[in-house]
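Working notes, beginning with the structure itself.
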Amino acid sequence: MFIYLLACLLPLPYAMCAAAIGGAVADIIAGYAVYSVFTFVIKALLCLAFTSATVRILSGRNIIGCLICLIITTGGYFLTDTLLFGTAAALGAVIFNLLQAVVSGVVFVVVAGILDKIGIKKIFML
């Protein structure tokens, strides 16, 4: 959800760097260092689905971006788990990756709506 917001507020290169580095470091700190390189790439790719060029955070493109992120997250971690642990383990993890993307999308829509109502982009001239 924070990555989605970053991608809507920051210029693309900055959002991609923040998402990639933040995601990879979080994996390392949480004890999942084996995922950190893959997370670096996957989280950077998520930013490509959003735009910061609109006046509002909650634009049509950014809502569609949530669906694109569902595919990138689920597919990216499925490929990662297949490579690291095999197809059976990857299939077992699909539901959790889907859940992560769906919850992130729902929370993003709610928070983006609130931030749009208070005019966060105008306040900070983003």
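Is at least one residue of the stretch 28-49 over 22 Å from Tyr77 (Cα atoms) and touching a Ser or Thr at 6+ places or on another chain (Cβ under 8 Å)?
No, there is no match, as no residue in the stretch 28-49 is over 22 Å from Tyr77 (Cα atoms) and touching a Ser or Thr at 6+ places or on another chain (Cβ under 8 Å).
If I go through the stretch 80-91 residue by residue, how many of them are free of Cβ contacts under 8 Å to residues at least 40 places away in the same chain and surrounded by 12 or more Cβ atoms within 10 Å (Cβ to Cβ)?
5
Can you give me the number of residues within the stretch 113-126 that are outside any helix (DSSP H, G or I) and either surrounded by 16 or more Cβ atoms within 10 Å (Cβ to Cβ) or touching a Phe, Trp or Tyr at 6+ places or on another chain (Cβ under 8 Å) (or both)?
Count: 0.
What are the pairs with Cβ atoms under 8 angstrom where one residue, in the stretch 53-64, is small (Gly, Ala, Ser) and the other, located anywhere, is at pLDDT below 95 and surrounded by 12 or more Cβ atoms within 10 Å (Cβ to Cβ)? Sequence gap at least six, or different chains.
Ser59/Thr51
Take the conditions in contact with a Gly (Cβ under 8 Å, 6 or more places away or on another chain) and either of a type in the set (A, V, I, L, M) or modelled with pLDDT of 95 or more (or both) and apply them to Thr74. Does it pass?
No.
Return the only residue of Leu46, Leu67 being surrounded by fewer than 22 Cβ atoms within 10 Å (Cβ to Cβ), out of contact with any Pro (no Cβ under 8 Å at 6 or more places or on another chain) and under 30 Å from Gly119 (Cα atoms).
Every option except Leu67 fails the conditions.
Is it the case that Tyr77 is in a helix (DSSP H, G or I) and surrounded by 15 or more Cβ atoms within 10 Å (Cβ to Cβ)?
Judged against the criteria, Tyr77 is a match.
Evaluate the following for Leu6: is it closer than 18 Å to Gly105 by Cα and either of a type in the set (Asp, Glu) or in a helix (DSSP H, G or I) (or both)?
Yes, satisfied.
When the residues of the stretch 1-35 are filtered to those that are of a type in the set (Val, Ile, Thr) and touching a residue at least 12 places away in the same chain (Cβ under 8 Å), which remaining residue is farthest from Asn62 (Cα to Cα)?
Among residues in the stretch 1-35 that are of a type in the set (Val, Ile, Thr) and touching a residue at least 12 places away in the same chain (Cβ under 8 Å), the one farthest from Asn62 (Cα to Cα) is Val34.
Regarding the stretch 98-112, can at least one residue be identified that is hydrophobic (A, V, I, L, M, F, W, C) and touching a Phe, Trp or Tyr at 6+ places or on another chain (Cβ under 7 Å)?
Yes: one or more hits.
Got a number for residues in the stretch 28-53 being under 15 Å from the mean Cα position of the chain (by Cα) and part of a helix (DSSP H, G or I)?
11
Does Phe2 meet the test of being under 17 Å from Asp116 (Cα atoms) and under 14 Å from the mean Cα position of the chain (by Cα)?
Against the criterion (under 17 Å from Asp116 (Cα atoms) and under 14 Å from the mean Cα position of the chain (by Cα)), Phe2 qualifies.
Conditions first: (1) within 30 Å of Lys117 (Cβ to Cβ); (2) in a loop (DSSP other than H, G, I, E, B); (3) modelled with pLDDT of 95 or more. Arg56 passes all but one, so which condition is the exception?
Of (1) within 30 Å of Lys117 (Cβ to Cβ); (2) in a loop (DSSP other than H, G, I, E, B); (3) modelled with pLDDT of 95 or more, only one is false for Arg56: (3).
The values are calculated or read from the model by the stated rules, or taken from the named source; none is laboratory data. Computed from a predicted structure; not experimentally measured. Using ideal geometry, Cβ is built from the backbone for each residue, glycine included, and neighbour counts are taken over all protein chains shown.
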